[in-house]
1. Which is of a type in the set (D, E, K, R) and either surrounded by 18 or more Cβ atoms within 10 Å (Cβ to Cβ) or modelled with pLDDT of 95 or more (or both), of LYS167, LYS128, LYS63, LYS79?
2. I'd like the residue in region 11-57 that is part of a loop (DSSP other than H, G, I, E, B) and not charged (D, E, K, R) and, out of all such residues, is farthest from SER92 (Cα to Cα).
3. Please indicate, with yes or no, whether at least one residue in region 74-95 is among the acidic types (Asp, Glu) and without any contact (Cβ under 8 Å) to a residue 60 or more places away in the chain.
4. Of all residues in region 32-55, which are polar (S, T, N, Q) and in contact with an Asp or Glu (Cβ under 9 Å, 6 or more places away or on another chain)?
5. Just one of (1) more than 19 Å from TRP161 (Cα to Cα); (2) in contact with a helix residue (DSSP H, G or I) (Cβ under 7 Å, 6 or more places away or on another chain); (3) buried (at least 17 other Cβ atoms within 10 Å of the Cβ); (4) not acidic (Asp, Glu) trips up ILE90, so point out which.
6. Can you tell me which of ASP146, ASP142 is of a type in the set (D, E, K, R), part of a strand (DSSP E or B) and over 24 Å from ASN36 (Cα atoms)?
Amino acid sequence: MGPRGDNGEGIDSWKEVTLTYNAALKMIETRMEILNDEFQHVHCYNPIEHIKARIKTPESIVKKLKRDGRESTIDNMVKYINDIAGIRIICSFTSDIYRIADMICEQKDIQVVAVKDYITFPKASGYKSYHMLVSVPIFLSDSVVDTKVEIQIRTIAMDFWASLEHKIYYKFEGNAPEYISRELRECAEMVSSLDEKMLSLNKAILDCLREQEELRISTKRNDRSHAQRMAMSGLS
């Protein structure tokens, strides 16, 4: 059962609210795909591997409101639950995370409400991700509704760890034994080390390709100069 409307028309209100949240997800997802395509066109590289979008279930929303001691109403849902609409952006390297965050901040119609950098400051569990709470205007036929969307940006490795960690804790209903938590933290450290290694390797590959290109250009220039000198010596 979903949150009820204060006017007693819970079903209609819930449908109207989910319509705006779905529209917000479509807007953000489409915008990120366009920015990724533009980045590919300009830099011959796309920082986004893939995008996941979801709407929180009514059951999860009600559970969260009750946990916070709030009544399950539409008004409370919209006011206090910030992650009803969620977008997860998966990228290859940690450097891509901040590049994507900067691109989002530069969008004139996307208002950044709050940021939580769990990459610089990981959670005690080992969780790493970059969270942005944004608000986007949704234009309906007779109104404009500012709608909140939580954006999570993380690497493939971070997403792998977070997905498994969520499944494990779900099985224990959030109360996993200490040795399980300890093992997960150790795995999180391995994931961080992997991300650092892959970023370093990518930088080494780019440097190598750059040096090869510079050498190719230099060799071509020298060959051209040599050919010109030979041509001039033949004329003389």
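The values are calculated or read from the model by the stated rules, or taken from the named source; none is laboratory data. This one's a predicted model, so the numbers in the text were calculated from it and none came from an experiment. Neighbour counts are summed over all protein chains in view; Cβ atoms, including those assigned to glycine, are modelled from backbone coordinates with ideal geometry.
1. Going through LYS167, LYS128, LYS63, LYS79 in turn, the sole match is LYS128.
2. For region 11-57, the residue satisfying everything is THR57.
3. Of the residues in region 74-95, the ones among the acidic types (Asp, Glu) are 75, 83.
In the following step, the residues that additionally are without any contact (Cβ under 8 Å) to a residue 60 or more places away in the chain were identified as none.
No, region 74-95 contains no residue that is among the acidic types (Asp, Glu) and without any contact (Cβ under 8 Å) to a residue 60 or more places away in the chain.
4. ASN46
5. It is condition (1) that ILE90 fails.
6. Working: ASP142 fails: part of a strand (DSSP E or B).
On inspection, the qualifying residue turns out to be ASP146.
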